[in-house]
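The values are calculated or read from the model by the stated rules, or taken from the named source; none is laboratory data. Values in this document were obtained by computation on a predicted structure and should not be read as measured data. Note that each Cβ is placed from the backbone with ideal geometry, even for glycine, and that neighbours are counted across all protein chains shown.
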Amino acid sequence: MEEKKHLLEQLHEIQNNDDKHYLPKEKVVELAKKHGYDLAQVYGVETFYTMYSTKPRGKHIIRICENQSCHMANSKKLIRHMEAILNISVGETTEDGFFTLELSSCLGMCSVSPAMMIDEVPYGNLTEDRIDEILATYKEDK
Ligand code: FES
């Protein structure tokens with residue numbers, strides 16, 4: 001268990017230090033070799049947890065919740081709105097590499113459904129207009 005916890009932390013460190021917020025294969029292989037981990041086991045861990053990505057991602061990662069409370073609060077419509085304004089589908093990154101759009105399980109913000117997080121910042125009570133306003137604040141930082 002201690003080794004597994006250590007592996008999770010190491011994967012976090014690799015991903016957090018990567019400018020494309022993912023786990024480059026060569027770095028994962030290097031980690032496995034260095035610590036004597038079975039590569040298939042490491043791959044199993046990195047693909048099991050949704051917080052890890054094996055694909056390069058954008059500067060900002062949008063995670064919009066699709067679980068029960070958010071679903072009941074019309075998150076599906078908001079997901080479609082987000083795809084339309086970003087011109088990408090869920091799981092993709094905008095052409096300029098600025099946003100990646102992902103789905104999320106419950107973010108623990110059911111009381112303010114529908115909800116999302118952008119990087120580590122939570123947003124609730126979402127509407128299409130509110131999403132437009134929120135994304136505009138990020139684009140100002142471009
Ligand atoms: S179901 Fe969406 S935050 Fe809980």
Of everything in region 96-142 that's without any contact (Cβ under 8 Å) to a residue 40 or more places away in the chain and under 11 Å from ILE64 (Cβ atoms), which residue is farthest from the ligand (Cβ to nearest atom)?
LEU101
Can you list the helices (runs of 4 or more DSSP H) found entirely within region 23-142 that contain at least 3 residues being closer than 25 Å to LEU8 by Cα?
25-35, 39-48
Within region 1-22, residues over 19 Å from the mean Cα position of the chain (by Cα), hydrophobic (A, V, I, L, M, F, W, C) and part of a helix (DSSP H, G or I) come out as LEU7
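Pull up region 48-76, narrow it to residues that are within 16 Å of the ligand (Cβ to nearest atom) and in contact with an Asp or Glu (Cβ under 9 Å, 6 or more places away or on another chain), then point me to the one that is nearest to ASP96 (Cα to Cα). Please lay out each step first, then the result.
Our first condition is that a residue be within 16 Å of the ligand (Cβ to nearest atom); within region 48-76, this holds for 50-51, 62-76.
Those still in the list that are in contact with an Asp or Glu (Cβ under 9 Å, 6 or more places away or on another chain) too: 50, 62-64, 75-76.
Values: THR50: 23, ILE62: 15, ARG63: 18, ILE64: 20, SER75: 25, LYS76: 25 Å.
The residue in question is ILE62.
Looking only at residues in region 39-78 that are among the hydrophobic types (A, V, I, L, M, F, W, C) and within 16 Å of LYS20 (Cβ to Cβ), which one is surrounded by the fewest Cβ atoms within 10 Å (Cβ to Cβ)? Break it down stepwise before answering.
Residues of region 39-78 that are among the hydrophobic types (A, V, I, L, M, F, W, C), as a first pass: 39-40, 42, 45, 48, 51, 61-62, 64-65, 70, 72-73, 78.
Now drop any that are not within 16 Å of LYS20 (Cβ to Cβ), which leaves 51, 61-62.
Values: MET51: 14, ILE61: 19, ILE62: 23.
Filtering first and then ranking leaves MET51.
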Looking at region 62-114, which of its residues are modelled with pLDDT of 95 or more and of a type in the set (Ser, Thr, Tyr)?
SER69, SER75, SER89, THR93, THR94, THR100, SER111, SER113
